[in-house]
Each structure stands twice: as C-alpha cells, then as structure tokens.
1. Inspect segment 95-109 for any residue being among the polar types (S, T, N, Q), part of a loop (DSSP other than H, G, I, E, B) and without any contact (Cβ under 8 Å) to a residue 12 or more places away in the chain and give the result as yes or no.
2. In segment 167-181, which residue that is out of contact with any Phe, Trp or Tyr (no Cβ under 8 Å at 6 or more places or on another chain) and farther than 27 Å from D112 by Cα is surrounded by the most Cβ atoms within 10 Å (Cβ to Cβ)?
3. Criterion first (modelled with pLDDT under 95 and surrounded by fewer than 16 Cβ atoms within 10 Å (Cβ to Cβ)) does E75 satisfy it?
4. Restricting to segment 28-48, name every residue that is in contact (Cβ under 8 Å) with a residue 60 or more places away in the chain, of a type in the set (S, T, N, Q) and in a loop (DSSP other than H, G, I, E, B).
5. Any idea which residue in segment 42-57 is surrounded by the fewest Cβ atoms within 10 Å (Cβ to Cβ), counting only those that are in contact with a helix residue (DSSP H, G or I) (Cβ under 8 Å, 6 or more places away or on another chain) and at positive phi?
6. Mind listing just one residue for me: the one in segment 215-229 that is at pLDDT 95 or above and surrounded by fewer than 24 Cβ atoms within 10 Å (Cβ to Cβ) and, of those, farthest from the chain's Cα centre (by Cα)?
7. Among the residues of segment 201-213, is there at least one that is of a type outside the set (G, A, S), crowded, with 21+ Cβ neighbours inside 10 Å and touching an Asp or Glu at 6+ places or on another chain (Cβ under 7 Å)?
8. Keeping to segment 225-275, report how many residues are assigned to a loop (DSSP other than H, G, I, E, B) and at negative phi.
Amino acid sequence: MKRRDFIQKTSASTALISLSGIGLSCSRTSATKITILHTNDVHSHVEAFGANSGENSNKGGIAKRATLVESVRKENPNTLLLDAGDIFQGTPYFNFYGGELEFKLMSLLKYDVATIGNHDFDNGINGLYAQLPHAKFDFISANYDFSNTVMDSHVKPYKTFMKEGIKIGVFGLGIELSGLVNKEAYKETKYLNPIEIAQDMSRILKNDEKCELIICLSHLGYNYENSPSKISDIKLAKATKDIDLIIGGHTHTFLDEPTVETNTIGKKVLINQVGCYGLYVGKIDFYFESNELKESVGSKLTV
C-alpha cells in the first residue's frame, strides 16, 4: 500500500495528547515511538460488508485489515496488535466453524494478545477451550478466575513486551457474566472486582515488572450513564492509577479519538474503542524520550 493511500485511510480526526507538559515541541525524530493497534467486538466478521450496506459499504474484512496492519508495522516495527474481546458470534462463519476460523485468521495477522468478551462464551466454556489450539497468541484476563474450569492455566492475567528498550505491560479485564451469559456457558468461572484487580495489576506492572507503558485491555464497556453503579472504562480510569491506556470493548462505542480522563493521582489516562465488526482499527502512537513517556497521538483507521 502506498503511503498516500494509507494516509487517506486514516480518519480526519486525530488527537494529540501532551503528557508531562511536553506537546508538539517533543522531538519525534529523537524519540522512541511505540504504536498500539487495536480492535474490539469484531463478532466473526471475516468478510467486508457488501456494496449495498449503506454507510458500511465495502468496509471491514480481514484481508483489508491485514494490509493495513502490515503497512503500520513496516512504518514502525515497534507495534503491538491487541483485541478487546467478543471475537465470536455474529456471522455464519461462527455458526459453522465455532471460532476456529477467527482464531486462525487472527494468528495469521500475528495478534500479540487478546482478552475475553461475553460472546466468546457463546459455545460454552468448553467450546472456547476447544478452539484455543488455533490461536497462536495469548489470552489475558485478570478478573476471571478460571481455576475450577477447563480454561485453568490457559489464560494469563497479564503479559509484558519489550520494544526497543521500552517495556510494555498489558492486562485484561472482563465484564460480569452473571445475568449476561447463561451460567451453564461459563460454569465455575468467578468474576472478580475489576477496579480492585486493576489496582493490583497496575501496581505489579509498574513496580515489580518495571513497565514504562501500562495498558488495560478491557471488555467492561465504555460508559453507563443510566447505571452509575456499573463499572465502565470511564469509571475504571478515574478510580485507578498507573494505567496509561484503556482499550475498550463491549458497548460498540465508535470514538473518533481517545477520551482523556484523570486518574486518582492527577495523571491523564487514554480510553479508546473503535465500535464493532472490524470496520476500524484503533491506532495510538506513544513517544518516549530516555524511557519516559512524553506524548501520545491517537487516530482511527478505516479498514
């Protein structure tokens, strides 16, 4: 893909977020750039939408996403590709293959890690487990306790990556399944409080793992204005510290640019979500100088 064509695929809305008082003056040529690409709620949409699909006509599809991801990786090898859950359910591909095709295609795109959404239990926890051999990437979820299920030891709470001297920690959070998913589908999976778990995870990643960039891969939902007691990404950002980016899912929220919230110690937290069905890929560029995060730029890429 030519650079001009790739730029045209980027939405006009791009947000630059200044961190530690450093804005456009940050010398990007001397900085280390870490790029985070992300998807959520793809719901088994393997093919692009048809030509008569209204505003979604000809958008999406795994083939075009692969081309886009390849272009970004060529531009910046220090790139991670993440998914925030609800990989399954939504097209006949899932009904026929049970998730095998989705996992195989994500593996071909070389996803680095994914978290688990409520619809990923739609063939039951045994159905999810049966498809794991087709996934050549790890699943992370810190607040689902799978210890009494077949998924025990197959899901990690977090994973770390090293990109050009920058250590990145990513942990996963899932939505409460009770009342949303049939109990028989998730069996003995225990749901743990996401805010409490996030506080533990961010502390471990910051203090023990010495991560310079901490990302929460969340399937909690962006915001619930009519349910103030329900935990959302907005609420999570405000109630925790040390998280730099929350990548969300579940609510199918189309954000043109990341939302910026303030955490418990007055630092900025980015929250991003790119709707559903693989129509867009989120892209956040983080710039580091001397291993210190200075600036971030967020955008939405049309597939």
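The values are calculated or read from the model by the stated rules, or taken from the named source; none is laboratory data. Computed from a predicted structure; not experimentally measured. Here the Cβ positions follow ideal geometry from the backbone for every residue, glycine too, while neighbour counts run over all protein chains shown.
1. Our first condition is that a residue be among the polar types (S, T, N, Q); within segment 95-109, this holds for 95, 107.
Cutting the leftovers down to part of a loop (DSSP other than H, G, I, E, B) gives us none.
Looking through segment 95-109, none of the residues is among the polar types (S, T, N, Q), part of a loop (DSSP other than H, G, I, E, B) and without any contact (Cβ under 8 Å) to a residue 12 or more places away in the chain.
2. Result: L180.
3. Working: modelled with pLDDT under 95: no; surrounded by fewer than 16 Cβ atoms within 10 Å (Cβ to Cβ): yes.
Taking the combined requirement at face value, the residue does not satisfy it.
4. S30, N40
5. Looking at residues that are in contact with a helix residue (DSSP H, G or I) (Cβ under 8 Å, 6 or more places away or on another chain) and at positive phi, I get H43.
6. Looking only at segment 215-229, we keep the residues that are at pLDDT 95 or above, and these are 215-224.
Next, only the ones that are surrounded by fewer than 24 Cβ atoms within 10 Å (Cβ to Cβ) stay: 221-224.
Working: G221: 12, Y222: 12, N223: 16, Y224: 19 Å.
My answer is Y224.
7. Yes, some residue in segment 201-213 is of a type outside the set (G, A, S), crowded, with 21+ Cβ neighbours inside 10 Å and touching an Asp or Glu at 6+ places or on another chain (Cβ under 7 Å).
8. In the first step, residues of segment 225-275 are kept if they are assigned to a loop (DSSP other than H, G, I, E, B); the result is 225-232, 240-244, 248-253, 255-258, 263-267, 273, 275.
Right, trim to at negative phi and you get 225-232, 240-241, 243-244, 248-249, 251, 253, 255-258, 263-265, 267, 273.
Number of matching residues: 25.
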